[in-house]
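Engineer: Can you keep this structure in mind? I'll have questions shortly.
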Amino acid sequence: MIICYLGLGSNLGDRQQNIRLALQHIGSLKNTKLVRISGIYETDPCNCPPGSPRFLNLTAKIKTNLSPLSLLNELKVLESDLGRKDERKNSSRPIDLDILFYGNKKINSPRLKIPHPRLKERSFVLKPLKEIAPSLIKSLAKEAKVISHIEAMRKYAAKVKSSGKTIGFVPTMGYLHPGHLSLVRQAKKDCDICLVSIFVNPIQFGPQEDYKKYPRDLEVDSILAKSAGGDCVFYPQAKDMYGLGYSTYVNVEKKTDYLCGASRPGHFRGVTTVVAKLFNIIQPDIAYFGQKDFQQALVIKKMVKDLNMPLKIKVMPIVRDSDGLALSSRNVYLSAQERSDALVLSRSLQKAKEIIFGGERKAGKIIAAMRNEISRKKSARIDYTAIADVETLEPLEYVKQKALIALAVYFGKTRLIDNIIVG
Ligand code: AMP
């Protein structure tokens, strides 16, 4: 029998029940045995029309004597038996069944492509697959170039530059999501070589914060980074970045006094220090940051300007789930209820925008309306809500021109941030 891996997804009707029924049917196909299933992952619809419901996804390991095409036909019949009516590619469906791997076979026919061609772009396939086929993920991850040693990274980057190529650099803490990957894609578009760093930087976390439990998955990250256009992942170790007796820090003043800087003392000092070190090692032409961390991007721009660092900073828009929640690696901490409550972040920002467009200019009134909306959610605890100048980050009394509306709210123990620019 051949070992195969299947991907199952459902975003219509009773999704759990659809998946249960599909698994039952798969297990009773002739000459086929269901061997293992992964846990269930809830994810945003991928390339689906706006307003499509969220998916439940999982992967299954089967053994079968069916040929690849017979297996595909059986799965198509099953999809239609379980009520899939709309055959268009990204439509909502009670059940979607994909063959991810069929033994070691490679097939590239119009009807069937194996391994599944978009497998490496999709964390909602890679993560459940890792649960039931860790060695498969390991071998996919080996296709990506990962450098851990600082000297090796420096040499690699210097070689790229001496050959006349440009470097686009995306610093991250990993557990990559489509927000990170939008930066990687842009870097690859603008530059010859795209480098992605993955480093959970201990010195930017406070003693009571989540440094230890911050989610990490280098294997899946390196597959995702490569498939988005990353040429190399830099994965330094904390003990090498901050050796014994380490004592040099970069501190941007003033802009770090507000917002997250006020709530998280020392945070930006940790960020600017690590980013300065990464810039020194890699010497990128352009570095990419997300507007999601608006203050961070502003602080880094200031550091680059004040310290005459020879590179450009590009800030990319916030990528959100289709229901408005800004993507964050920390979203995995949220329970279903907390995630649902967290939608109030983008909603209250939109509300603030509407109030301003309605003519209200007093920051105090706008903030009060936002806080009122957020406080209605049981699991929410506001850290800050602010309307600030987009350059200095000083609080504004009146919204006259361009302004930043930013907030940080805990849902349970998880602190999330979000922002918009108005005007
Ligand atoms: P992190 O791994 O959280 O440190 O983020 C690494 C980079 O990705 C930072 O520049 C972030 O601003 C950016 N980023 C994080 N989340 C998003 C998002 N939802 N949309 C766009 N960029 C993001």
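The values are calculated or read from the model by the stated rules, or taken from the named source; none is laboratory data. This is a predicted model, so every value here is computed, not measured. Virtual Cβ from ideal backbone geometry, glycine too; neighbours counted across all protein chains shown. These accessible areas exclude ligands, DNA and RNA; they are computed on the full protein's heavy atoms, side chains included. Shrake-Rupley method; radii C 1.70, N 1.55, O 1.52, S 1.80 Å.
Engineer: When only C-alpha pairs under 8 Å and at least 6 residues apart count, what is the relative contact order of the chain, in percent? Walk me through the intermediate numbers first.
Structural biologist: Numbers: 780 pairs, mean separation 50.4, N = 423.
RCO, the chain: 12 percent.
Engineer: Taking the mean number of other Cβ atoms within 10 Å as a proxy for protection, how do you rank 215-226, 19-30 from highest to lowest?
Structural biologist: On the way: 215-226: 21.6, 19-30: 16.3.
Ranked by mean Cβ neighbours within 10 Å, highest first: 215-226, 19-30.
Engineer: State which entries of 76/292; 159/189; 212/378; 155/302; 255/277; 155/301 exceed 30 angstrom in Cα-Cα distance in the structure shown. Each step should come with its number before you reach the end.
Structural biologist: Numbers: 76/292 41 Å; 159/189 20 Å; 212/378 27 Å; 155/302 28 Å; 255/277 20 Å; 155/301 26 Å.
As for pairs spanning more than 30 Å Cα to Cα, those are 76/292.
Engineer: Calculate the length of the line joining the C-alpha centroid of region 1-39 to that of region 336-365, in whole Å.
Structural biologist: Each part reduced to its Cα centre gives a spacing of 41 Å.
Engineer: According to the square roots a ≥ b ≥ c of the eigenvalues of the Cα gyration tensor, what is the shape class of the chain, taking rounded for a/c under 1.5, prolate for a/b larger than b/c otherwise, and oblate for the remainder?
Structural biologist: Since a/c reaches 1.5 but b/c is at least a/b, the shape of the chain is classed as oblate.
Engineer: Given labels modelled 7 Å from the Cα in the Cβ direction, how far is it in nm from residue 162 to residue 16?
Structural biologist: For the pair residue 162/residue 16, the computed spacing is 6.1 nm.
Engineer: Just to confirm my numbers, what's the Cα centroid distance between region 387-423 and region 116-173 in Å?
Structural biologist: Between the Cα centre of region 387-423 and that of region 116-173, the gap is 34 Å.
Engineer: Take each of the peptides 380-388, 359-367, average the number of other beta-carbon atoms within 10 Å over its residues, and list them starting from the highest.
Structural biologist: Working: 380-388: 18.3, 359-367: 14.9.
Those peptides, ordered most packed to least, come out 380-388, 359-367.
Engineer: Let me ask you something else. Can you give the calculated 222 nm mean residue ellipticity of the chain, where each DSSP H run of n ≥ 4 adds -39,500 (n - 2.57) and the sum is split over every residue, rounded to the nearest 500 deg cm²/dmol?
Structural biologist: On the way: 13 runs with 154 residues, N = 423.
The per-residue figure over the chain is -11500 deg cm²/dmol.
Engineer: What percent does the relative contact order of region 146-316 come to when contacts are Cα pairs within less than 8 Å and at least six residues apart? Don't skip to the end; give the middle numbers.
Structural biologist: Details: 275 pairs, mean separation 48.7, N = 171.
Once normalised by length, the contact order is 28 percent.
Engineer: Measure off 7 Å from each Cα along the Cα-to-Cβ vector at residue 36 and residue 372, then give the distance between these two points in nanometres to one decimal.
Structural biologist: A separation of 5.4 nm, rounded to one decimal place.
Engineer: Contact order normalised by length for region 329-422, with contacts defined as Cα pairs under 8 Å and 6 or more residues apart; what percent is it? Show your work: numbers first, answer last.
Structural biologist: Numbers: 148 pairs, mean separation 27.3, N = 94.
Normalised by residue count, the contact order of region 329-422 is 29 percent.
Engineer: Ignoring ligands, DNA and RNA, what accessible area per residue does the chain give at 1.4 Å, in Å²? If you can, show how the numbers build up before the last one.
Structural biologist: Numbers: 20350 Å² over 423 residues.
On a per-residue basis, the chain sits at 48 Å².
Engineer: Another one. If packing is taken as the average count of other Cβ atoms within 10 Å, what order do 242-249, 179-186 fall into, highest mean first?
Structural biologist: On the way: 242-249: 9.1, 179-186: 22.5.
So the peptides 242-249, 179-186, ranked by packing, come out 179-186, 242-249.
Engineer: Treat every Asp and Glu Cβ in the chain as -1 and every Lys and Arg Cβ as +1, leave all other atoms uncharged, and give the resulting dipole magnitude about the Cα centre to the nearest 20 debye. Display every interim value, and only then the final one.
Structural biologist: Details: 68 positive and 41 negative charges, 139 e Å.
Dipole magnitude for the chain comes out near 660 debye.
Engineer: If you roll a 1.4 angstrom probe over the protein chains with everything in place, what fraction of the accessible area of the chain belongs to carbon and sulfur, to the nearest %? Before the final figure, lay out each step's value.
Structural biologist: Values: 10290 of 20350 Å².
Exposed carbon and sulfur together represent 51 percent of the surface.
Engineer: Report, in degrees rounded to the nearest 10, the 0 to 90 angle that the Cα long axis of helix 178-190 makes with the longest principal axis of the chain.
Structural biologist: 80
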